[in-house]
Amino acid sequence: MKTVVVTGSTSGIGLAIAEAFAEKANNLVLNGFGEGSEINAIVERLRSISKADVFHHPADMTKPKEISDLIDTAVERFGGVDVVVNNAGIQHVERIEDFPIEKWDQIIAINLSSAFHTMRAVIPSMKERKNGRIINIASAHGLVASPFKCAYVAAKHGILGLTKTAALELAEMGITVNAICPGYVLTPLVEKQIRDTAKARGMSEEHVQKEVILKAQPTREFVQASEVAALAIYLAGNEACQVTGTHISIDGGWTAA
Ligand code: NAD
């Protein structure tokens, strides 16, 4: 039985990844914000799927001490962590000259620095066990830019650099480090982005969804969160032991153009 930590797993892609690992009977450490009753319901549901142990740790991904406590608690409770999925993320859409400084700092902290902090905390125990998988949920925006998303695009490009560096440092330790670059997945993060982009560009939300969001993806379809989760399961498996220091795109053809 493996132990899997998924940051930002109370919603969207992180929740789908947690569900997929639960279906494979892994111990799970959930993280992310939400109402207590909603989080308890998720924990109970995943316990019933997984027959393994599931708990929620409330670490705020902007707080390094809380992030190391998340990893330490998982190691203490389960004797080690096999897989860390760095998934927590937020978005803010605004032109650079109006972009609030605190939003820039928050996005860099949650979408980029938190992955450094989980890695820093988990790598010693993964090295001891000569086993580990680190999966960073980047984005098509780790490879290409869009206007009005300066912090997000910078953080996602940054996480690809962090992924490669960590993979090289850990290549002989039985630990792989990879990124997944999804295109648009219709989660609360994107629903908010549709609203914000509509405001920034003076368009209707329907127009943004059709002509801005799905226009980026040649398939003209959203990626499903469960499809991203399936890639995470692959990267966590033995068959992926030689896949390291790279990214896998799942973006409906977006970055082919
Ligand atoms: P979401 O808003 O549905 O979920 C985000 C999760 O992160 C939630 O569980 C939330 O509570 C958690 N979170 C936010 N701030 C946090 C903090 N400070 N500390 C701890 N947890 C925090 O978003 P999503 O669309 O599922 O996005 C998940 C990841 O996937 C993000 O890294 C995002 O950049 C990436 N991504 C999303 C899309 C997309 O189209 N939805 C595309 C590419 C990449």
Kindly establish whether Ala22 is without any contact (Cβ under 8 Å) to a residue 24 or more places away in the chain, more than 8 Å from the ligand (Cβ to nearest atom) and among the hydrophobic types (A, V, I, L, M, F, W, C).
-> no
Residues that are within 22 Å of the chain's Cα centre (by Cα) and open to solvent by 40 Å² or more (accessible area, probe 1.4 Å), drawn from segment 197-221 | Glu221
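Conditions tested, residue by residue: (1) among the charged types (D, E, K, R); (2) away from the ligand (no atom under 12 Å from the Cβ).
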{"site": "Arg47", "(1), (2)": "yes, yes"}
{"site": "Thr62", "(1), (2)": "no, no"}
{"site": "Glu66", "(1), (2)": "yes, no"}
{"site": "Val83", "(1), (2)": "no, yes"}
{"site": "Asn87", "(1), (2)": "no, no"}
{"site": "Phe99", "(1), (2)": "no, yes"}
{"site": "Ile110", "(1), (2)": "no, no"}
Output the residues belonging to segment 120-160 that are under 16 Å from Ala74 (Cα atoms) and in contact with a strand residue (DSSP E or B) (Cβ under 6 Å, 6 or more places away or on another chain).
-> Val122, Met126, Gly132, Arg133, Ile134
Looking only at segment 134-159, count how many residues are open to solvent by less than 20 Å² (accessible area, probe 1.4 Å) and under 14 Å from the mean Cα position of the chain (by Cα).
-> 12
Restricting attention to helices (runs of 4 or more DSSP H) lying wholly within segment 1-115, give those where 1 or more residues are open to solvent by 30 Å² or more (accessible area, probe 1.4 Å) and of a type in the set (Lys, Arg).
-> 36-50, 64-78, 101-108
Qualifying position, being of a type in the set (Gly, Ala, Ser), under 16 Å from Thr255 (Cβ atoms) and touching a Lys or Arg at 6+ places or on another chain (Cβ under 6 Å), among Gly174, Gly183, Gly142 | Gly142
What number of residues in segment 121-133 are more than 14 Å from Val5 (Cβ to Cβ) and either open to solvent by 80 Å² or more (accessible area, probe 1.4 Å) or within 16 Å of the ligand (Cβ to nearest atom) (or both)?
-> 4
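The values are calculated or read from the model by the stated rules, or taken from the named source; none is laboratory data. Everything numeric here is computed off the predicted structure, so don't read it as measured data. Cβ atoms come from the backbone with ideal geometry, glycine included; neighbour counts cover every protein chain shown. The accessibility values were calculated without ligands, DNA or RNA, using every heavy atom of the protein model including side chains. Shrake-Rupley method; radii C 1.70, N 1.55, O 1.52, S 1.80 Å.
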